[in-house]
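The values are calculated or read from the model by the stated rules, or taken from the named source; none is laboratory data. Keep in mind it's a predicted model, so treat the numbers as computed, not measured. Every residue, glycine as well, gets a Cβ built from its backbone with ideal geometry; the counts of neighbours run over all protein chains shown. Surface areas here come from the heavy atoms of the whole protein model, side chains and all, with no ligands, DNA or RNA. Shrake-Rupley method; radii C 1.70, N 1.55, O 1.52, S 1.80 Å.
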Amino acid sequence: DVVEHVAEYKDVPVYHLGGWYDSWGSQVANLNYVTLSKNKKSLQRLIMGPWTHHARTRSLAGEAEFGPDAAIDFNQFQLRWFDHWLKGIDTGVDREPPVRIFVMGGGDAHRTPEGRIFVGGHWRAENEWPLARTVPTPYYLHGNGLLSPQKPGGESATTYEFDPHHPVPTLGGNISSHNAPPSRHNSIERPGDSENLMEQGAYDQRCRADTWICADTRPLSARNDVLVYQTAPLEQDVEVTGRLIVKLWAASNAPDTDFTAKLVDVYPPNRDYPAGVDLNVEDGIVRARYRNSLEHAEMMKPGEVYPFTIEMYPTSLVFQKGHRIRLDISSSNFPRFDVNPNTGEPLNNNRRWAIALNTIYHDDRHPSHIVLPIIPVTNRGQKEP
């Protein structure tokens, strides 16, 4: 952990590499790069691509294709860096901008020959992370399912049942380990032998027959335990680049439960995707007992309203004109996150399971919202040639 051991790190040049769909994306960009940049004199550089874990030589993440420019020649990338710092060769790496990010989006969402969704995107040089020109903009949850910059009024809360025996399936995300191959020495069939346990990256948020715990092929938004809040179709492009933080006010009849958040880019229907596409951007979770501290558990009192903070992984994406920005709130995302039994028993040592009645508040006293790091249209910086 760089943050807790920064004094132990040598003051040497570091190039921090991460991906928007990498399980270490937050640590690389929000923690390691930011912390060492502030505390070390040596050169610190950051590059964030549209990649999953260790996939920087690929131009795809899950079902999303970002175009050939998204992939980098990693061997050449490393060679230029080490030739300069270890051999003294002038490769120019010390004169490049401090931050390089891949801004996802802008594609026409056609189906590629490989069967992927063309999301598109471009590289852009920046001077810092997070971007100084970011405008943190709250988008509020409303009782009618709307997500908008307008604050809610006297709106009623929304309650749903969270049954830990029937969790929301994981469809993509910031995942490193997944789909372990079946063992030749084990005759017992396991989840993942004939089905996908879970996949990395961006996926249309619709269940599919080959995905474990998907009981049908409906979109996740059709589930009663997934609360959907979305904008009207956008009248212009909206770039979201930076940290993603959700502030919820919620209650439960259980002593402990989970709350999940997922940011989704909703594509309108087109010829290749007549039902449109619900593409996951980032997600996150909070366990109620650790809402205030990871060191000290605090159980909930039934019916009492508590504030919760969920920080997702960072991103850089243009939500295009005609798309919708969507926030899904639920209480499970399995098997990416373990399922809360809702009983308050010791973790991984529970004897019981219980259905929780969880309530999300979105009124003037409890304005649940997501803070979107919006980059102004007139000040987005220049694309790389």
Out of Asn127, Asn144, sole residue that is more than 16 Å from Asp283 (Cβ to Cβ), touching a Pro at 6+ places or on another chain (Cβ under 8 Å) and at pLDDT 95 or above:
Asn127
Condition set within 26 Å of Tyr203 (Cβ to Cβ) and among the acidic types (Asp, Glu), scope the range 90-121, selection most open to solvent (accessible area, probe 1.4 Å): answer is Glu114
Those residues of the range 313-322 which are open to solvent by 10 Å² or more (accessible area, probe 1.4 Å) and part of a loop (DSSP other than H, G, I, E, B), in sequence order
Tyr313, Gln320, Lys321, Gly322
Looking at the range 35-89 only, could you name the residues that are more than 28 Å from Asp11 (Cα to Cα), open to solvent by 50 Å² or more (accessible area, probe 1.4 Å) and in a helix (DSSP H, G or I)?
Pro68, Asp69
Sort out which residues of the range 233-291 are in contact (Cβ under 8 Å) with a residue 24 or more places away in the chain, open to solvent by less than 10 Å² (accessible area, probe 1.4 Å), under 28 Å from Gly19 (Cα atoms) and in a loop (DSSP other than H, G, I, E, B), and write them in order of number.
Leu244
Please go through the range 323-362 and pick out each residue that is open to solvent by 20 Å² or more (accessible area, probe 1.4 Å), among the charged types (D, E, K, R) and touching a residue at least 60 places away in the same chain (Cβ under 8 Å).
Arg324, Arg336
Unique residue being modelled with pLDDT under 95 and under 18 Å from Asn333 (Cα atoms) when the list is Pro191, Pro181
Pro191
Scanning the range 134-165 for residues that are in a loop (DSSP other than H, G, I, E, B) and open to solvent by less than 50 Å² (accessible area, probe 1.4 Å) gives Thr134, His142, Gly143, Gly145, Pro152, Gly153, Ala157, Asp163, Pro164
Take the residues in the range 346-356 that are among the aliphatic types (A, V, I, L, M) and assigned to a loop (DSSP other than H, G, I, E, B), then tell me which one is farthest from Asp225 (Cα to Cα).
Leu347
Scan of the range 199-228 for residues that are among the β-branched types (Val, Ile, Thr) and either within 13 Å of Leu263 (Cα to Cα) or assigned to a helix (DSSP H, G or I) (or both), ordered by number
Val226, Val228
Among the residues of the range 126-145, how many are within 22 Å of Leu31 (Cα to Cα) and aromatic (Phe, Trp, Tyr)?
1
Looking at Pro167, is it within 21 Å of the chain's Cα centre (by Cα) and more than 16 Å from Leu263 (Cα to Cα)?
yes
So Phe308 fits all but one of (1) over 22 Å from Gln236 (Cα atoms); (2) open to solvent by 10 Å² or more (accessible area, probe 1.4 Å); what number is the exception?
(2)
Note: among Thr343, Thr359, just one is at pLDDT 95 or above, part of a loop (DSSP other than H, G, I, E, B), hydroxyl-bearing (Ser, Thr, Tyr) and in contact with a Phe, Trp or Tyr (Cβ under 9 Å, 6 or more places away or on another chain), namely Thr343
Across the range 16-27, which residue is surrounded by the fewest Cβ atoms within 10 Å (Cβ to Cβ) among those that are assigned to a helix (DSSP H, G or I) and touching a Pro at 6+ places or on another chain (Cβ under 9 Å)?
Ser26
Considering residues of the range 122-133 that are assigned to a strand (DSSP E or B) and open to solvent by less than 20 Å² (accessible area, probe 1.4 Å) only, the residue farthest from Gly105 (Cα to Cα):
Glu126
